[in-house]
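Below: one structure, written as structure tokens.
The values are calculated or read from the model by the stated rules, or taken from the named source; none is laboratory data. Source: prediction; values computed, not measured. We place every Cβ from the backbone using ideal geometry, glycine too, and count neighbours over all the protein chains shown. When the accessible area is computed, the model is the full protein with side chains, heavy atoms only, and any ligands, DNA or RNA have been set aside. Shrake-Rupley method; radii C 1.70, N 1.55, O 1.52, S 1.80 Å.
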Amino acid sequence: MEVAKLLIEQGWMVGVAARRVELLQGFGASAVERIDVTADEATEALQRLIGKLGGMDLFFYASGIGKQNRELKEDIELATVQTNGVGFTRMIGEAYRYFASHGGGHIAAITSIAGTKGLGPAPSYSATKAMQNVYLQALEQQAMNRKLNIRFTDIRPGFVDTALLSGDTHYPMMMQPGKVAKEIVYAINHKKHIRVIDWKYRVLTAFWRRIPRWLWRRIVLLNK
């Protein structure tokens, strides 16, 4: 929502979509569509939204779920894969095919720093975020090889104070949505390939990448 508001302020004609469309009313979007990314008909709904707008230059994807799952409950793991894996692939793929057949465009997606390493408290979440990172990288290479004018921005925030992180768990270095939205729009406008938000998480993830597996598996993360 915050990103859409900023883009509207910059003069973009914005269409928005969500599973719960009542959350999308009243902030100036040019078009609204109900889309559940886990549903087979989601791509048809995206095409309807594009039709309402008369075309699409930027596809900004922000759908996702995630929970800590130390007990590895099956329903949580599978629902996360269905949304963050299957739903992500479905919608990013549809946007890619649209841009491939309409002269190009820009795909920006919120993934997460969680894809940097496998996080024991949230196995399917970190795994699907790593998948998203690699999927965007693969599409970027494919677009270059096919000489398609499609740009990609992989946006990797740390912990943001939204409903996704509500509950009893304490999350460190929590960021406010307004500040994060400004960084996202900056990354889109400047056509960044990868943007980790914010500088503290850029330092943290750089450190994470250097931790060897034998040490990483011994680290305790996000105790309640």
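Taking the Cβ of Met56 as the center, what net charge do the other residues with Cβ under 14 Å away carry, scoring Lys and Arg +1 and Asp and Glu -1?
With Lys, Arg at +1 and Asp, Glu at -1, the neighbours total +1.
Could you work out the Kirkwood radius for region 39-132, taking every pair of different alpha carbons, averaging 1/r and inverting it, reported in Å?
14.3
Can you tell me the mean projection area, over all orientations, of the convex hull of the chain's alpha carbons? Units nm², please. If you can, show how the numbers build up before the last one.
On the way: hull surface 51.4 nm².
Mean shadow area of the hull around the Cα atoms is 12.9 nm².
Please report, as a whole percent, how much of the solvent-accessible surface of the chain comes from carbon and sulfur atoms (probe radius 1.4 Å).
Heavy-atom surface of the chain belonging to carbon and sulfur, 1.4 Å probe: 54 percent.
Filter the GluC sites (Glu not before Pro) in region 1-88 to those in DSSP coil with at most 15 other Cβ atoms within 10 Å of their Cβ, and list the result.
When the GluC sites (Glu not before Pro) of region 1-88 are filtered for loop state and at most 15 Cβ neighbours within 10 Å, Glu41, Glu71 remain.
Return one whole number: the accessible area per residue of the chain in Å², for a 1.4 Å probe. Before the final figure, lay out the partial values.
Details: 12410 Å² over 224 residues.
Roughly 55 Å² per residue, with all protein chains present.
Which trypsin sites (Lys or Arg not before Pro) in region 49-109 sit in a loop by DSSP (not H, G, I, E or B) and have at most 14 other Cβ atoms within 10 Å of their own Cβ?
Those satisfying the criteria are Arg70, Lys73.
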